[in-house]
Amino acid sequence: MTKEQHHLRNLIIAALVAALYVALTYLSQMFGLGYGAIQLRLSEMLVCLVVFNKRYIWGVTIGCVLANLTSTLGIVDIIWGSLETLIALTVIYLISKRITNLKAKLATAIIIGTFFMFMIAAELTVLTKAPFWLTYLTTASGEFVSLTLGAFLVYFISKRVDLIS
Amino acid sequence: MDKMIFGRYYPGGSFIHRLDPRLKLIINIIFIVLIFLIKHWYDYLILGGVVLAGVLLSGVSLRFFLRGLRPMLWLILFTVGLQLFFTSGQHVYWQWGVLSISQEGLINATYIALRFLLIIFMSTLLTLTTQPLAIADGMEYLMRPLKVVHFPVNDVALMLSIALRFVPKLMDETTKIMNAQRARGVDFNNGSLIKRVKALIPLLIPLMMSSLDIATDLTTAMISRGYRDGEGRTRYRILKWRRQDTWTLVTFVIIAIVAVL
């Protein structure tokens, strides 16, 4: 494959991951994968893919844009929520690149992904004057659970599926 | 495949339905900025009038808009309650320990509730009257100026259209795999959290595999047909900016300026 063709392949894989993100978002809603107070957002597990290859940054961000098309907060979520995803994913990629151990990489993804929820909390605070720290606590804990479970799932998937090349 | 058309689109041919998606996106963005700029009660009245006019013109029953409030209901009640009971002010109507209802609290709470209502109704208006595909097309156009800062607009456009194309297919695929696993006795809906997460592994591995397979096939197909890059790619759906779009934009901008002044 030439460099150009390799680039095209990465784009298409990213696009499929985006489609998967949207599909999983809707399926989580349809099949009620929430468990009591813990809402398992299945699509968030795809965030953990970023530790394998840079191309997933675009995939998950675009998936996030498309899934947010139906969000109640509309345009704010489409722009700001997707920007949050893009920034968080880029940081996860840049840091995990320097780590060799897969488990440590995934742990980094969980921590950084949870940390960046402050952007969503800030969105809600600015928009609705919701108290920042409380909003941060609730959104970040939800994200932490989703990402932790996601990291487990991605870990097992990576044993069977080639996510890197 | 009917249920696979995701989104909340409500089919119709009203004036709002026929407006250009780019226009609707631009108006939505200006509207959010406005919400932050306005300060007086009569400004809220003006924006409320705009939203109401939009709702009436769209021909969609109010029920669908109210349904949009549901996922946010708790957040709304919580923040409004917080403003109502914890704002300290000069004119206190009622007090119990740290809780008090003051004139200032009442005013703040009303403004917050209105803000929520206006934002949610406006974005619901967009998603109810515009198909997801059209919104994505509109975003693609609006992203074009970002080329100046070397944002890969063409690549993003390609990924957006491929992703939209394959959402229904992957949802089909997921349902199929889920049913296959159910027939083998996997229970996705019961058991402890750990158990349910474990049940997802045999669902996600084939799903991931087939996504990568689709990607490989599509890459081969596109390369063998000589796909180069997005520059000069022609489109199947072409957005048309009509005279009514210009007039709507002009009217909205005039209203916006009046509201801010």
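The values are calculated or read from the model by the stated rules, or taken from the named source; none is laboratory data. All values reported here derive from a predicted model rather than from experimental measurement. Methodologically, a virtual Cβ is constructed for each residue, glycine included, from the backbone with ideal geometry; neighbour enumeration extends over all protein chains shown.
Looking at B:ASP187, B:ASP217, which one is without any contact (Cβ under 8 Å) to a residue 24 or more places away in the chain and closer than 17 Å to A:SER28 by Cα?
The conditions single out B:ASP187.
Residues B:TYR42, B:TYR111: which one is modelled with pLDDT of 85 or more, surrounded by 17 or more Cβ atoms within 10 Å (Cβ to Cβ) and hydroxyl-bearing (Ser, Thr, Tyr)?
Matching residue, one of B:TYR42, B:TYR111: B:TYR111.
Take B:LEU57 and tell me if it is touching a residue at least 40 places away in the same chain (Cβ under 8 Å), under 17 Å from B:TYR10 (Cα atoms) and surrounded by fewer than 17 Cβ atoms within 10 Å (Cβ to Cβ).
Yes, satisfied.
Anything in region B:101-129 that is of a type in the set (S, T, N, Q), farther than 30 Å from B:GLN90 by Cβ and more than 9 Å from every other protein chain (Cβ to nearest Cβ)? List them, or say none.
If the condition is that a residue be of a type in the set (S, T, N, Q), farther than 30 Å from B:GLN90 by Cβ and more than 9 Å from every other protein chain (Cβ to nearest Cβ), then B:THR129 is the only one that fits.
So, of the residues in region A:123-157 that are in contact with a helix residue (DSSP H, G or I) (Cβ under 7 Å, 6 or more places away or on another chain) and of a type in the set (Gly, Ala, Ser), which turns out to be surrounded by the most Cβ atoms within 10 Å (Cβ to Cβ)?
A:GLY150
Any residue at all in region B:116-133 that is surrounded by fewer than 18 Cβ atoms within 10 Å (Cβ to Cβ) and closer than 27 Å to A:LEU16 by Cα?
Checked region B:116-133: at least one residue is surrounded by fewer than 18 Cβ atoms within 10 Å (Cβ to Cβ) and closer than 27 Å to A:LEU16 by Cα.
Return the only residue of A:ALA23, A:ALA19, A:ALA14 being under 19 Å from the mean Cα position of the chain (by Cα), under 28 Å from B:ASN154 (Cβ atoms) and at pLDDT below 90.
From the options A:ALA23, A:ALA19, A:ALA14, the qualifying one is A:ALA23.
Which condition does B:LYS240 not pass, out of (1) in contact (Cβ under 8 Å) with a residue 12 or more places away in the chain; (2) surrounded by fewer than 10 Cβ atoms within 10 Å (Cβ to Cβ); (3) over 30 Å from B:ASP155 (Cα atoms), if it passes all the others?
Of everything listed in (1) in contact (Cβ under 8 Å) with a residue 12 or more places away in the chain; (2) surrounded by fewer than 10 Cβ atoms within 10 Å (Cβ to Cβ); (3) over 30 Å from B:ASP155 (Cα atoms), B:LYS240 misses just condition (3).
What are the residues in region B:165-190 that are surrounded by 13 or more Cβ atoms within 10 Å (Cβ to Cβ), within 10 Å of another protein chain (Cβ to nearest Cβ) and not acidic (Asp, Glu), if any?
B:ARG165, B:PHE166, B:VAL167, B:PRO168, B:LYS169, B:LEU170, B:MET171, B:THR174, B:THR175, B:MET178, B:PHE188
So which of B:LEU23, B:LEU47, B:LEU73, B:LEU19 ends up being of a type in the set (A, V, I, L, M), over 23 Å from B:PRO132 (Cα atoms) and at pLDDT 90 or above?
Going through B:LEU23, B:LEU47, B:LEU73, B:LEU19 in turn, the sole match is B:LEU47.
Condition check ((1) out of contact with any strand residue (DSSP E or B) (no Cβ under 9 Å at 6 or more places or on another chain); (2) of a type outside the set (Asp, Glu); (3) within 14 Å of chain B (Cβ to nearest Cβ); (4) within 28 Å of A:ILE12 (Cα to Cα)) across all residues:
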residue: A:THR108; (1), (2), (3), (4): yes, yes, no, yes
residue: A:PHE118; (1), (2), (3), (4): yes, yes, no, no
residue: A:THR128; (1), (2), (3), (4): yes, yes, yes, no
residue: A:THR138; (1), (2), (3), (4): yes, yes, yes, no
residue: A:THR148; (1), (2), (3), (4): yes, yes, yes, yes
residue: A:VAL154; (1), (2), (3), (4): yes, yes, yes, yes
residue: A:LEU163; (1), (2), (3), (4): yes, yes, yes, yes
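Which ones in region A:68-85 are in a helix (DSSP H, G or I) and over 18 Å from A:GLY150 (Cα atoms)?
A:ASN68, A:ILE75, A:VAL76, A:ASP77, A:ILE78, A:ILE79, A:TRP80, A:GLY81, A:SER82, A:LEU83, A:GLU84
For region B:183-199, name all the residues that are charged (D, E, K, R) and over 21 Å from A:SER43 (Cβ atoms).
Selection gives B:ARG184, B:ASP187.
Run A:ASP77 past the list (1) within 14 Å of another protein chain (Cβ to nearest Cβ); (2) farther than 30 Å from B:THR124 by Cβ and report the number of the one that doesn't hold.
Condition not satisfied by A:ASP77: (2).
Do the conditions hold for B:MET159, that is, is it at pLDDT 90 or above, within 8 Å of chain A (Cβ to nearest Cβ) and under 21 Å from A:THR25 (Cβ atoms)?
Here the answer is yes, as B:MET159 does meet what is asked.
Among the residues of region B:208-229, how many are at the interface with chain A (Cβ under 7 Å from one of its Cβ atoms) and either of a type in the set (Val, Ile, Thr) or in a helix (DSSP H, G or I) (or both)?
Total meeting the criteria: 10.
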